[in-house]
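Let me begin by presenting the structure, written as C-alpha cells, before commenting on it.
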Amino acid sequence: MAFGAAAIWFAVVALSLYASRWKRHAISEDAASKVILWAGVAFPVAVLTGLLTYALWLMPSLRPFADNERARLHVDVTGSQFWWHVVYRDEGGEAVISANEIRLPANERIEFSLTSNDMIHSFWIPSLGGKMDLIPGRTNRISLRPTRQGVYRGQCAEFCGSSHALMAFPVVVMERGEFETWIEARRDPSAGTENNVDGRALFFREDCGSCHRVAGTRAQGSAGPDLSHIGSRLSIGAGLLDNNHESLARFIVHPGSLKSGSQMPASPHLAGVEAAGIATWLKGLE
Ligand SMILES: [Cu+2]
C-alpha cells in the first residue's frame, strides 16, 4: 500500500506540475471529460475494489471462530471497577479462576468472552491485537494469537471511573508446556494457606473472605479479585504495584489512596504489624 500510494502521489504531483508549468493553455471539454472519467472514476474504482477484495479475503482469519483452528483455551474476562475477573477453560480440564493477570500459551488461537459487572470497560492488549468492549448484560468475543513469548501490558481502554487509567493487567505469553504446568498448579488450592497463622487469622477476623476467594479455605467471596495463588502474581491492584509485602500492606490499609474510587473499603486500624501479617500470609499463597 505504501508503494502504491507513493506511485499515485508522484503521478498526481507530476500531472499538476505539467499542467501548471508547461501546458498552460485550455484543453477541450471532451479531453477534460475523459480525464475525469478515467483518472477520477475508473482508476479509484479499480484500486478501491482491489483493496476491498483483499480485505474481505483477510477477514475469515480474524474471526474468533475460524474453523481451521479451534481454540483449545477459552478465557472469560469480567471487568469491574477497577479490576479483572479471569476464568480459564482449557480443553479437558477443570476451570481455573484468577484475577488481574492473564497467562497464555504462544502460537495458538485463544478465544476470549468478555463482559462487565458495572460500567462499560474495554479489553486491550495493544501488542497482541485489537480492543473489544466489555458491556454489562452481554458477552462480546475476541480472539488473539500471540506468537512471541514475553510479558505484555493490557489496559482498560474505555473511561470507567476515576481510576480507569489504573485498571491494567500483565499478560504473560509462554510455551504450551510451561502454560500447562502453570495452569495445572492453579487447579489445586494455593500452597501456603496453612502458613503464617497470625496473618491467616487476621484475614478471617477482618472478614476479607466475604469479598475475596482463596481456594481451599472458607474465603469464598466474589465481590473482589480472587486471591488464590496471589503470591506468585506479577503485580497487585490490577497492574498498579509490584507484588511485594510492602505494597500488599499499603493496599490493604488504604486502597483508595492508591486508587481513587476503589471499591475495596479502607482498614486504617490494621496499619502496622497487622497489615504486614496479612501481607505475609497472602504473599505465601503461591
Ligand atoms: Cu475499566
### Query
Considering only Asn117, Leu15, Ser235, whose Cα is most displaced toward the positive end of the charge dipole of the chain, charges sitting on Cβ of Lys, Arg (+1) and Asp, Glu (-1)?
Leu15
### Message
Please report the antiparallel percentage of DSSP beta bridges with both residues in the chain, rounded to the nearest 5.
### Response
70 percent
### Task
Give me the percent of the accessible area of region 1-151 that comes from carbon and sulfur atoms, probe 1.4 Å, all protein chains in place.
64 percent
### Query
Given the Cα-Cα distance of Ala6 and Arg70 and 0.36 nm per residue of separation, how much length would full extension add, in nm?
19.0 nm
### Query
What does the accessible area of Trp9 come to, in Å² to the nearest 10, when a probe of 1.4 Å is used?
150 Å²
### Query
When all C-alpha to C-alpha distances in region 144-286 are sorted into bins of 5 Å, what percent of pairs does each bin hold, rounded to whole numbers?
2, 9, 17, 22, 21, 14, 10, 4, 1, 0
## Note on the structure
On the accessible surface of region 204-286, probed at 1.4 Å with all protein chains in place, carbon and sulfur together account for a percent value of 54 percent
### Summary
For the chain, the longest principal axis of the Cα atoms and the Cα long axis of helix 2-17 enclose an angle in degrees, to the nearest 10, of 40 degrees
### Message
Can you give me the orientation-averaged projected area of the convex hull built on the Cα atoms of the chain, in nm²?
### Response
21.2 nm²
### Summary
Mean accessible area per residue over region 174-257 (1.4 angstrom probe, all protein chains present, square angstrom) is 47 Å²
### Query
Solvent-accessible area per residue for region 1-133 at a 1.4 Å probe radius, Å²?
64 Å²
### Query
What is the mean projected area of the alpha carbon convex hull for region 217-286, to one decimal in square nanometres?
4.6 nm²
### Query
Mind checking the angle between helix 273-283 and the chain's longest principal axis? C-alpha axes, 0 to 90 degrees, to the nearest 10.
60 degrees
### Task
Would you kindly state how much longer the chain becomes between Arg148 and Ala42 on full extension, computed as 0.36 nm times their sequence separation minus their alpha carbon distance, in nm to one decimal?
33.9 nm
### Query
When ranked by the protection proxy of mean other Cβ atoms within 10 Å per residue, highest first, what sequence do the peptides 107-113, 232-238 form?
232-238, 107-113
### FRET efficiency estimate (nearest 0.05) - Cβ-Cβ, Leu58 to Asp118, R0 30 angstrom
0.25
### Message
What do you get for the angle between helix 43-58 and the principal long axis of the chain? Use alpha-carbon atoms, 0 to 90 degrees, nearest ten.
### Response
30 degrees
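The values are calculated or read from the model by the stated rules, or taken from the named source; none is laboratory data. This one's a predicted model, so the numbers in the text were calculated from it and none came from an experiment. We place every Cβ from the backbone using ideal geometry, glycine too, and count neighbours over all the protein chains shown. Note: accessible area is taken over every heavy atom of the protein model, side chains too, but ligands, DNA and RNA are not part of it. Shrake-Rupley method; radii C 1.70, N 1.55, O 1.52, S 1.80 Å.
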